[in-house]
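Worksheet: one structure, shown below.
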Amino acid sequence: MMQIPLEHILILSAVLFSLGILAVITKRHAVVVLMGIELIFNAANLNLVAFSRHDPSLLQGQLFSLFVMVVAAAEAAVALAIVLRVYQYFRTANLNEIVSKENN
């Protein structure tokens with residue numbers, strides 16, 4: 001069975017992380033920002049699993065990755081509930097419009 005080299009996995013993780021950071025910084029829609037945060041979490045999980053593969057006797061990387069997935073799922077549920085309430089109150093999910101309406 002052929003294994004994927006660690007460098008390829010780390011490059012993929014860096015690309016995912018960069019796309020997540022780019023979405024968080026440049027996009028103004030709340031749901032897109034949450035998707036960027038999820039990309040960042042997935043890049044971190046990919047790193048944890050990739051590095052823990054080098055020591056098969058230890059499952060700490062996989063277990064911590066599973067814990068991060070559970071926390072990310074809870075974060076997504078809470079964040080989407082907050083976005084829904086903000087949308088009901090401000091009638092927009094655009095972060096710039098929410099900030100400008102709040103200051104008035």
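No lab work stands behind these numbers, since they all come straight from the coordinates. Everything quoted here is computed from the prediction, not taken from an experiment. In this analysis, Cβ positions are derived from the backbone assuming ideal geometry, glycine residues included, and neighbour counts consider all displayed protein chains.
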Evaluated at q = 0.10, 0.17 Å⁻¹: base-10 log I(q)/I(0), Debye formula over Cα of the chain: -0.39, -0.83
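For Ile25 and Phe51, FRET efficiency with R0 = 25 Å and r from the beta-carbon atoms, rounded to 0.05? Present the calculation step by step, with values, prior to reporting the outcome.
Details: r = 27 Å, r/R0 = 1.07.
Between Phe51 and Ile25 the formula returns 0.40.
Which whole-number percent is the relative contact order of the chain (Cα, under 8 Å, 6+ apart)?
Numbers: 86 pairs, mean separation 26.3, N = 104.
Relative contact order comes out at 25 percent.
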Label-point separation in nm, His8 to Ala73, each point 7 Å along Cα→Cβ: 2.9
Interchain or long-range residues, amide H under 5 Å from His29's placed H: Leu95
Estimated [θ] at 222 nm from DSSP helical runs (n ≥ 4, -39500 (n - 2.57)) normalised by residues in the chain, nearest 500: -28000 deg cm²/dmol
